[in-house]
1. Among the residues of region 163-177, are any of a type outside the set (Phe, Trp, Tyr), at pLDDT below 95, assigned by TED's automatic domain parsing to the domain that holds Leu291 and more than 17 Å from Ala236 (Cα to Cα)?
2. Given the conditions (1) loosely packed, with under 15 Cβ neighbours inside 10 Å; (2) assigned to a loop (DSSP other than H, G, I, E, B), report the number of the one that Ala337 does not fulfil.
3. Within region 517-556, take every residue that is more than 28 Å from the chain's Cα centre (by Cα) and of a type in the set (A, V, I, L, M, F, W, C) and give me the one that is surrounded by the fewest Cβ atoms within 10 Å (Cβ to Cβ).
4. Does Glu432 satisfy being surrounded by 18 or more Cβ atoms within 10 Å (Cβ to Cβ), assigned to a loop (DSSP other than H, G, I, E, B) and not hydrophobic (A, V, I, L, M, F, W, C)?
5. Condition test on Gly660, is it free of Cβ contacts under 8 Å to residues at least 60 places away in the same chain, in contact with a Pro (Cβ under 7 Å, 6 or more places away or on another chain) and crowded, with 16+ Cβ neighbours inside 10 Å?
6. Only one of these is of a type outside the set (Phe, Trp, Tyr) and touching a Pro at 6+ places or on another chain (Cβ under 9 Å): Gly217, Gly240. Name it.
7. Can you tell me which condition Val445 does not meet? The list is (1) modelled with pLDDT under 85; (2) touching a strand residue (DSSP E or B) at 6+ places or on another chain (Cβ under 6 Å); (3) of a type in the set (Val, Ile, Thr), and all the others hold.
Amino acid sequence: MAATDTPVDELTEEQAGIELARLADALATANRAYHTDDAPVMSDAEFDALKRRNRAIEERFAHLKRSDSASDQVGAPVADGFGKVRHAVPMLSLANAFDAQDVHEFDASIRKFLGLSEADALSYTAEPKIDGLSLSLRYEDGVLVQAATRGDGEVGENVTANAMTITDVPKTLTGVSGVIEVRGEVYMSHTDFEALNARQEEAGQKTFANPRNAAAGSLRQLDAASTQARPLRFFAYAWGALDDPLADTQMGAITRLKNLGFSTNPLTALCASPDDLIAHHADIEHRRAALGYDIDGVVYKVDDLALQARLGFRATTPRWAVAHKFPAELAWTRLEAIDIQVGRTGALSPVARLTPVTVGGVVVSNATLHNEDYIEGRDNKGAPIRDGKDIRVGDWVQVYRAGDVIPKVADVDLSKRPADAHPYSFPHTCPECGSPALRDPGDAVRRCTGGLICPAQAVEKLKHFVGRSTFDIDGLGAKQVEMFYLDDQLAVKEPADIFTLAARDAGNLTKLANRDGWGDTSARNLFQAIEARRGIGLDRVLFALGIRHVGEVAAATLARHYSSWAALTTALDAAANEPAFLETEAKAQKAALPQSPAWADLLAIDGIGETLARALVTAFANGPERASIDRLAEQLTIEDVAPIAASGSPVAGKTVVFTGTLELMTRAEAKARAEALGAKVSGSVSAKTDLLVAGPGAGSKAKKAQDLGVETIDEASWLALIGDG
């Protein structure tokens with residue numbers, strides 16, 4: 001089954017890598033078509049579905065995240081023909097919510113970050129999400145001097161002359177001095193769109209597919225006179241660079257923009273709770289058809305601008321805002337079969353084969369079945385789901401598509417169940433290699449125990465190893481990995497074999513260059529690309545090993561902590577010399593956690609939990625796997641990680657521990673601030689700790705710091721030290 005037909009929750013490692021590559025290409029193409037060419041190749045719903053699928057795969061397979069991931073991108077590069085404008089403040093995109101639960105989770109995440117209880121007042125603005133083209137307007141001393149599109153979020157297109165033709169865009173602002181950068185959305189009303197298309201058709205010219213395309217294409221005309229002939233509108237709702245604040249709140253700032261002469265959306269409302277946001281969303285959705293312009297959801301923002309500043313930003317989205325899109329759709333169809341796929345970590349993933357059905361405008365033929373518990377009608381804690389109804393081949397099932405290309409099974413119609421339908425028997429052996437498939441206590445997934453002898457796992461590990469986010473060897477992709485894995489003369493069974501390819505090829509009578517699909521140039525380029533990867537960073541090597549639970553972020557965290565391959569392996573070897581790692585697996589699960597300095601140091605790394613630590617140590621302690629890792633290391637020059645440095649920071653390179661109750665900021669804020677200043681944040685006190693920041697209730701950590709002579713300060717002193725006091 002193709003990766004694109006497989007549910008996210010049940011993708012194998014191979015499919016995940018293939019699918020992320022496909023999604024990277026599809027989303028990049030869609031972004032260029034939408035933002036640069038103004039000729040979308042898919043609907044907004046389809047784009048959101050692909051992007052959410054991409055994010056879901058990355059969350060499940062963090063170690064497979066690509067360097068060109070759409071999760072880290074905003075918009076698309078500027079097109080030829082326009083000057084470039086670098087935004088003083090990046091124009092970021094928004095995270096999405098698709099249902100009421102997402103909205104409540106958004107509110108909960110805000111409160112958790114800020115340290116607010118459910119009883120604390122927290123207001124939000126809610127405004128229609130205009131389906132148009134983002135525009136930034138820069139005014140200096142009240143005069144419009146520059147207009148730019150979003151572009152890729154960092155650099156946009158200079159469309160100043162075109163923006164000057166839009167009636168809703170003020171050319172001067174009264175009573176304004178200094179710099180004020182107003183942001184909003186250029187759009188076209190339904191009436192104006194229909195009139196424009198009528199004129200286009202009468203003139204024998206190309207018509208537009210929708211108002212958004214028409215607005216974007218009109219704003220990005222190389223001739224401003226052409227833009228002037230198009231009926232464009234503009235809603236202001238945000239800002240970038242400012243010499244003076246507009247107001248103290250989001251709603252106050254919107255009112256200020258309106259008073260300055262900008263058009264603002266009259267449906268923007270102030271809401272006091274998630275339930276109020278959801279109610280306003282429903283009200284706007286009911287009005288949607290009569291608005292006269294296109295919207296695709298409602299945007300929620302924390303109203304207090306001081307809180308917005310505290311919340312800050314993720315890589316491409318603000319923490320303090322979310323776009324609540326309009327809801328998913330349901331459909332009923334027949335479940336024809338259940339297939340099992342095997343991933344890189346040996347996970348057996350069940351996938352439902354469906355009679356094709358259209359859900360949310362997309363024809364789908366597969367759905368996620370998660371795991372064997374889900375099929376049997378219960379969650380991983382034994383509680384019933386779908387009222388305890390199991391799923392059987394032949395069932396009439398309801399599928400649910402919520403921002404994902406592949407739907408989920410929401411319900412089963414027992415009245416249509418065939419009389420001969422039997423409960424599904426989940427396999428206890430691997431369909432790829434026949435090895436026992438076991439399920440560990442607490443694990444919802446059954447896994448093949450074949451390891452290196454399981455071809456599905458071996459090939460998937462190699463594909464991961466050469467992926468874009470790991471070794472990224474040009475000319476050695478999934479297809480080539482499969483070829484070399486089965487090759488008798490140039491077999492690649494483990495990563496180290498890749499780096500002996502050239503030498504082995506030189507000793508063969510039949511050269512790679514003479515084989516079908518290869519030539520002198522392609523073979524030479526492959527060997528050169530492999531050679532170029534002999535020198536590589538510690539984090540990428542660690543991520544490339546494909547150790548379960550060790551994703552890209554964890555690999556980078558471990559690399560920063562240990563700095564070198566020698567230090568890492570020495571620490572892991574020391575941690576492995578504990579009874580829990582020398583006993584049988586069954587005994588190890590019951591054994592007390594080892595407390596050697598090496599193991600304690602590993603667990604103290606912020607973001608490294610026991611499950612990940614145990615998987616990492618076990619991998620390096622496993623004889624065959626360690627031998628394979630050592631053979632790889634012998635072929636490489638693994639680069640050390642340079643110490644973290646932050647210019648002018650008094651804590652750069654120091655190890656900091658926070659303990660007790662922080663009263664002036666949350667623990668999440670404190671950690672984020674310390675790391676931004678180049679410090680390492682640890683979860684426990686040791687001889688390596690440089691500074692303990694202790695709030696009320698510090699307890700044993702403060703006592704241990706005193707015993708070790710570790711400098712201890714309170715929260716106010718910490719803020720003064722880093723310049724936030």
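The values are calculated or read from the model by the stated rules, or taken from the named source; none is laboratory data. For clarity, every value in this text was computed on a predicted model and none was experimentally measured. Reconstructed Cβ throughout: ideal geometry from the backbone, glycine too, with neighbour counts over all protein chains shown.
1. yes
2. All conditions are met except number (2).
3. Of everything passing the filter in region 517-556, Ala532 is surrounded by the fewest Cβ atoms within 10 Å (Cβ to Cβ).
4. Yes, satisfied.
5. Values: free of Cβ contacts under 8 Å to residues at least 60 places away in the same chain: yes; in contact with a Pro (Cβ under 7 Å, 6 or more places away or on another chain): yes; crowded, with 16+ Cβ neighbours inside 10 Å: yes.
The answer is yes for Gly660.
6. Numbers: Gly217 fails: touching a Pro at 6+ places or on another chain (Cβ under 9 Å).
Result of the check over Gly217, Gly240: Gly240.
7. Val445 satisfies all of (1) modelled with pLDDT under 85; (2) touching a strand residue (DSSP E or B) at 6+ places or on another chain (Cβ under 6 Å); (3) of a type in the set (Val, Ile, Thr) except (1).
Residues checked against (1) at pLDDT 85 or above; (2) assigned to a helix (DSSP H, G or I); (3) closer than 25 Å to Val186 by Cβ:
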| site | (1), (2), (3) |
| --- | --- |
| Ala33 | no, yes, yes |
| Pro40 | no, no, yes |
| Gly75 | no, no, yes |
| Val78 | no, no, yes |
| Ala108 | yes, yes, no |
| Lys112 | yes, yes, no |
